[in-house]
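These notes concern the structure reproduced below.
The values are calculated or read from the model by the stated rules, or taken from the named source; none is laboratory data. Quick caveat: nothing in here was measured; it's all calculated off a predicted structure. Glycine also receives a Cβ, built like all others from the backbone with ideal geometry; neighbour counts cover every protein chain displayed. Protein only, heavy atoms only, side chains kept; ligands, DNA and RNA dropped before computing areas. Shrake-Rupley method; radii C 1.70, N 1.55, O 1.52, S 1.80 Å.
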Amino acid sequence: MVAIKTEKAFYPYEARDKKIQGEVVLKILVSETGDVESAEVVSGDPILGTSAMEAVKKWKFKPFIKNGKAVKVSTTLPIDFAFRDKIMEKGVSADGSATSDSKTPQTSAASPALPDGAAVPEGVAKRVRVASNVSRGMLTRQVAPVYPDAARHARIEGTVVLQATISKDGRISDLKVISGPKEFRS
């Protein structure tokens with residue numbers, strides 16, 4: 001599907017006050033004319049979800065053609081919310097207040113997911129393990145986390161180690177906390 005008219009979602013004041021950022025996934029139904037008929041939040045913060053739905057309902061798509069005729073189509077659509085000063089380009093945030101951690105331990109290349117000589121059946125996605133130093137070089141956009149106020153007041157410091165599965169389109173499809181202070185895990 002090709003969006004021909006989009007509108008940015010408004011960052012809700014309540015989300016700003018609570019320092020909420022993240023991804024909202026919407027399920028949308030697009031009419032034969034390319035208008036968004038309906039939208040519902042599949043995942044993400046409800047405060048951000050409402051804003052994402054309001055914006056996406058104003059979007060316009062190129063009609064989806066099947067057998068020479070425009071048809072209704074349903075799809076999922078990710079919408080990202082991040083504070084501008086937390087978005088990093090080449091490891092440094094826009095205001096210089098946050099940097100990516102280049103001192104994180106680097107792992108060696110992982111072993112293949114299948115035994116030697118085994119073939120992946122046709123139609124099944126291949127899962128590839130990538131060393132952290134390689135994946136870091138492939139990173140195109142990074143959003144620094146917001147330091148929780150409760151942790152700041154309690155003077156809690158630490159590192160959170162995450163394990164992520166990145167889909168073909170470059171988005172995180174699965175994220176697990178491996179270790180780190182509980183105050184930083186939300």
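Multiplying the residue separation of residue 31 and residue 164 by 0.36 nm and subtracting their alpha-carbon distance yields 44.4 nm. Loop-located GluC sites (Glu not before Pro) across region 1-71 with a Cβ neighbour count of 13 or fewer within 10 Å are 7, with loop assigned by DSSP.
Beyond 13 Å, how much of the Cα-Cα pair distribution for region 1-43 remains, as a whole percent? Looking at region 1-43, the distances longer than 13 Å represent 68 percent of pairs. Taking 0.36 nm per residue of separation and subtracting the Cα-Cα distance, full extension of the segment from residue 65 to residue 156 would add 27.3 nm.
Counting only protein heavy atoms and using a 1.4 Å probe, the accessible area of residue 1 comes to about 100 Å². For residue 43, the amide hydrogen comes within under 5 Å of the amide hydrogens of 25, counting only partners 5 or more places away or on other chains and with H modelled in the peptide plane. Going by accessible surface with a 1.4 Å probe and the largest first, 81, 10 read 10, 81. Accessible area per residue (1.4 Å probe, heavy atoms of protein chains only) ranks 171, 155, 84 as 155, 84, 171, with the largest value leading. Pairs from the list 19/86; 8/57; 19/60; 27/176; 27/72; 27/58 with a Cα-Cα gap above 19 Å: 19/60; 27/176. Within the full protein context, the accessible area of residue 184 is estimated at about 40 Å² for a probe radius of 1.4 Å.
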